[in-house]
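Everything below concerns the one structure shown next.
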Amino acid sequence: MRNEQDGEINRILIAGRPEFERCDNTVKTSKYTILSFLPVATGEQFRRVSNIYFLITGFIMAIGNYTGWYNSAVNHFTTLGPLILIICVSLAQEGAADIGRHRSDSATNNYDCVVLRRSDELDSENGKRETSILQGKDVTVNLQKSYFNRVQSAVSASNSESEGHSCKIAFESIRRRDIRQGHIVLIRNKEMVPADVILLASSSDNGTAYVETSSIDGETNLKLRVSPHLPKEVLNEIHRSSARDLNASEQKVIRETLAEATKRICRQTALGFPDATSAYENRSNAIAAPDAGQRSSFFRAMERGRSAMKLASNGASYEHVKRNLWRSTELGIEDKTCIKYATAVRSESPNASVDTFGGVLYLPPIHDGDRSIEIPLGVDNLLLRGAVLRNTEWAIGISCFTGKDTKLVKNSVKTPSKFSKLDQLLNRTVIAILCLMAVIIALVSIGANVTNNRYFDELW
């Protein structure tokens, strides 16, 4: 989705919903195809002036041999034969080098990578599961829980699957070329980052990851990348709404397992809610924040949640908790139509700058009618294609730029044709010789003509 605003193009991606209209993740370094090899490669051979000279000379000789216009002293094959042999050898060398590039591209583009997919979609498409992750087992996600609910009653948890409020997430093995913008990608330790990825979670503390970027900028030292976190004011309200107090250790360090991170990301993205609306398109985003004397629906929701959890903790029945929530609605806390939102990313257009990145991560609102949670993104949140994950068991992120849109490809140059300084020197030398020959021939011709006209009677 593209949205023009203030003269700039905003690139909008919905996490977990691949964009098949945008470019795939194929990277091409080869120069030729089967159809273009002969015309293009042969044309490049005539960048050398000497080849052009001998071709014209041989052509002139051939005209003299096959027509009666003039007689040629030398057979044209003595000039065209060596020229054809030299060009054929050069074409063979160029073709062998390009075949090597094709093989390298094939190995790079067909390398196995892992993305997160819904199990039902994967099974319907006969996709391939990655058996080395969680022993090939799917992750069951309770969609009734949300990323801002830290405590849930045992009753709702036990009834979640029977009510159909769950889904299974599988780890699909796909070729690197098939990764699209919007895919949720899993990267393992010592693996190359397959595309420009916005980091969401990792095995390290607080979702950090280390990458080596020697193939991008030549620096061998490891760089720290961090995943975006909820703003402090939102975290404070979330923690305050829970039925327990957070310990100091929990406030400092958060470490997730792969299954926990998968569940959290699923509840926030289109993986859990395929038909969800982009959090960027939340109409409440355009509404100004309430005045200090007003109470937003967010805080009212927190109060309702606290009262319901107190009843649940005191042993109240599920029906009692439900009646209490319904009574709160009747007393003036109105419910709005429940609209599911999925995490969205608004980013800058593709560019070649590896040291800068700008964007915003839009998380679903805490409560119906609230604004989406906006988290600014920078270069510290971006894993560049070509970097290698180090000292981190795994990392998960949103594929932001793929293929020709990645910063690595934007900085790469088209494979140049082989034309050395010696070839350039030979070109200049041949041109100088031809010019000198033309001058000498012109002077000799003029002198011969003058002498012939002046002394014609005496010479004959």
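Here is the figure for segment 44-59: residues that are of a type outside the set (F, W, Y) and open to solvent by 80 Å² or more (accessible area, probe 1.4 Å) total 2.
One line per residue, one yes/no per condition, for (1) part of a helix (DSSP H, G or I); (2) farther than 23 Å from Q181 by Cβ; (3) modelled with pLDDT of 90 or more:
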{"residue": "V27", "(1), (2), (3)": "no, no, yes"}
{"residue": "N65", "(1), (2), (3)": "yes, yes, no"}
{"residue": "A73", "(1), (2), (3)": "no, yes, no"}
{"residue": "I86", "(1), (2), (3)": "yes, yes, yes"}
{"residue": "G100", "(1), (2), (3)": "yes, yes, yes"}
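Pull up segment 75-102, narrow it to residues that are open to solvent by less than 70 Å² (accessible area, probe 1.4 Å) and among the β-branched types (V, I, T), then point me to the one that is nearest to K418 (Cα to Cα). Among those residues, the one meeting the criterion is I87.
Of the residues L186, L143, L122, L116, which is open to solvent by less than 40 Å² (accessible area, probe 1.4 Å), at pLDDT below 90 and within 30 Å of Y341 (Cβ to Cβ)? Quick ask: steps written out before the conclusion?
Working: L186 fails: at pLDDT below 90; L122 fails: at pLDDT below 90; L116 fails: at pLDDT below 90.
Of L186, L143, L122, L116, the one residue that is open to solvent by less than 40 Å² (accessible area, probe 1.4 Å), at pLDDT below 90 and within 30 Å of Y341 (Cβ to Cβ) is L143.
Considering segment 171-236, the qualifying strands (runs of 3 or more DSSP E), each wholly inside and each with 1 or more residues that are within 13 Å of D112 (Cα to Cα), run over 184-188.
Taking each residue of segment 16-42 that is at negative phi and among the hydroxyl-bearing types (S, T, Y) and looking for partners that are open to solvent by 30 Å² or more (accessible area, probe 1.4 Å) and part of a loop (DSSP other than H, G, I, E, B) with beta-carbon atoms closer than 7 Å, six or more apart or interchain, yields T29/T415.
Restricting to segment 337-349, what's the tally of residues that are open to solvent by 40 Å² or more (accessible area, probe 1.4 Å) and touching a Ser or Thr at 6+ places or on another chain (Cβ under 8 Å)? Before you say what the answer is, go through the steps one by one.
Taking segment 337-349 first, the residues open to solvent by 40 Å² or more (accessible area, probe 1.4 Å) are 337-340, 346, 348-349.
Now restrict to residues that are touching a Ser or Thr at 6+ places or on another chain (Cβ under 8 Å): 339-340.
The number of residues fulfilling the criteria is 2.
Taken over segment 167-203, the criterion of being farther than 15 Å from S227 by Cβ and among the hydroxyl-bearing types (S, T, Y) is satisfied by S173 alone.
Is there a residue in segment 437-454 that is within 30 Å of L361 (Cβ to Cβ) and either under 50 Å from the mean Cα position of the chain (by Cα) or of a type in the set (G, A, S) (or both)? No, segment 437-454 has no match at all.
The values are calculated or read from the model by the stated rules, or taken from the named source; none is laboratory data. None of these values were measured; they are calculated from a predicted model. Methodologically, a virtual Cβ is constructed for each residue, glycine included, from the backbone with ideal geometry; neighbour enumeration extends over all protein chains shown. For the accessible areas, the whole protein counts, side chains as well, though only heavy atoms, and no ligand, DNA or RNA atoms are used. Shrake-Rupley method; radii C 1.70, N 1.55, O 1.52, S 1.80 Å.
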